[in-house]
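Down below is the structure, laid out as structure tokens.
The values are calculated or read from the model by the stated rules, or taken from the named source; none is laboratory data. Model, not experiment: these values are computed from the prediction. Cβ coordinates were reconstructed from backbone atoms using ideal geometry, including for glycine residues, and neighbour counts include every protein chain displayed. Each accessible area value is taken on the protein alone, full model and side chains, heavy atoms only, with ligands, DNA and RNA left out. Shrake-Rupley method; radii C 1.70, N 1.55, O 1.52, S 1.80 Å.
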Amino acid sequence: MVIETFVPGKEATGAFLPLENMVKDRDVGKSYADMIRYRLKGSAAKECEDTYFVAHEEGKGLCRLWMGWGKHPFAVGNWGNFFTAEEARGRGIGKEVLNF
């Protein structure tokens, strides 16, 4: 298992494809899920910097956490969209991602 970060608009890391696959069909039509896909494509890169923390193994995303930080004055950080794939739960991967 590897834990890496990915920042849209910067060089893709090994985390990008597993993360993209984790979210591409998840909860389509729900605002939080649509927004993560929007931001993952770099569509909000002018307004904020998004960082995704991703645990993956053999090309499959296991766990993710998102952090967004606005580029405007007085911006505050936002953490969310924490998710561990069902088949990876109970292995302590979420804790490893949070510690990372």
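The C-alpha atoms of the chain define a longest principal axis, and helix 31-40 lies at about 80 degrees to it.
The chymotrypsin sites (Phe, Trp or Tyr not before Pro) of the stretch 30-74 that meet both conditions, a loop assignment by DSSP and at most 12 other Cβ atoms within 10 Å of the site Cβ, are Phe74. Once C-alpha pairs closer than 8 Å and six or more residues apart are averaged by separation and normalised to the residue number of the chain, the relative contact order reads 26 percent.
The residues of the chain present an accessible area of 62 Å² per residue when probed at 1.4 Å with all protein chains retained. Considering only Lys60, Lys41, Lys71, the mean-square fluctuation computed in a Gaussian network model of the chain, springs between alpha carbons under 10 angstrom, is largest for Lys71. Sorting the Cα pairs of the chain by distance into bins of 5 Å, from 0 upward, gives 2, 13, 25, 25, 20, 10, 4, 1, 0 percent per bin.
Estimate the FRET efficiency between Glu47 and Thr13 by the formula 1/(1 + (r/R0)^6), using the beta-carbon distance for r and 30 Å for R0, to the nearest 0.05.
Numbers: r = 22 Å, r/R0 = 0.73.
Efficiency, rounded to the nearest 0.05: 0.85.
Ellipticity at 222 nm from helices only: DSSP H runs of n ≥ 4 in the chain, each -39500 (n - 2.57), divided by the residue count, give -7000 deg cm²/dmol.
Counting protein heavy atoms only, the chain has 53 percent of its accessible area on carbon and sulfur, 1.4 angstrom probe. Within the same chain, lysines fewer than 8 places from Lys46 are excluded, and of the rest, those with a Cα less than 27 Å from its Cα are Lys10, Lys24, Lys30, Lys71.
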